[in-house]
């Protein structure tokens with residue numbers, strides 16, 4: 001078991017390693033990008049990567065505090081579902097109005113793997129191999145799809 005400080009340091013070390021590994025890869029638009037902290041350009045819409053002690057996930061999170069607006073965003077993604085899955089090369093899970101770790105209502109489109117453990121450095125290659133192609137594919141999807149969300153900004 002790790003102290004809070006040790007766990008934080010290991011997580012930070014993983015994300016630093018991931019960032020260094022993926023940094024040479026430009027965005028779909030050919031720009032330098034912070035892959036670990038991806039900016040969609042739309043408030044309350046995030047591409048999140050999580051690595052924990054038993055699993056890891058990558059996904060699109062809609063966190064708008066208004067459930068109706070959150071649903072509008074989700075419906076817009078549903079319109080683009082075929083294109084999203086085609087770009088990703090796989091199907092993801094879709095969850096309208098679930099709860100996050102803070103009990104807030106969020107909607108998610110995500111992919112998860114387990115068992116992997118961010119605190120075990122032997123699992124880092126598997127985590128990086130899981131995250132890298134998916135965040136790159138999300139970026140490719142978003143470079144085209146973001147304009148479909150202009151009316152919701």
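Values quoted throughout were computed directly from the atomic coordinates according to the rules given, and no laboratory measurement underlies them. Source: prediction; values computed, not measured. Positions of Cβ are backbone-derived with ideal geometry, glycine not excepted, and every protein chain shown enters the neighbour counts.
Scan region 80-100 and tell me whether some residue there is within 29 Å of residue 6 (Cα to Cα) and either touching a residue at least 12 places away in the same chain (Cβ under 8 Å) or surrounded by fewer than 16 Cβ atoms within 10 Å (Cβ to Cβ) (or both).
Checking region 80-100: at least one residue is within 29 Å of residue 6 (Cα to Cα) and either touching a residue at least 12 places away in the same chain (Cβ under 8 Å) or surrounded by fewer than 16 Cβ atoms within 10 Å (Cβ to Cβ) (or both).
What residue, among those in region 45-63 that are in contact with a strand residue (DSSP E or B) (Cβ under 8 Å, 6 or more places away or on another chain) and more than 20 Å from residue 143 (Cβ to Cβ), is surrounded by the fewest Cβ atoms within 10 Å (Cβ to Cβ)? Please lay out each step first, then the result.
First, pick out the residues of region 45-63 that are in contact with a strand residue (DSSP E or B) (Cβ under 8 Å, 6 or more places away or on another chain): 45-50, 55-63.
Among the residues that remain, those that are also more than 20 Å from residue 143 (Cβ to Cβ) are: 50, 55-57, 63.
Numbers: 50: 16, 55: 14, 56: 21, 57: 20, 63: 17.
The qualifying residue surrounded by the fewest Cβ atoms within 10 Å (Cβ to Cβ) is 55.
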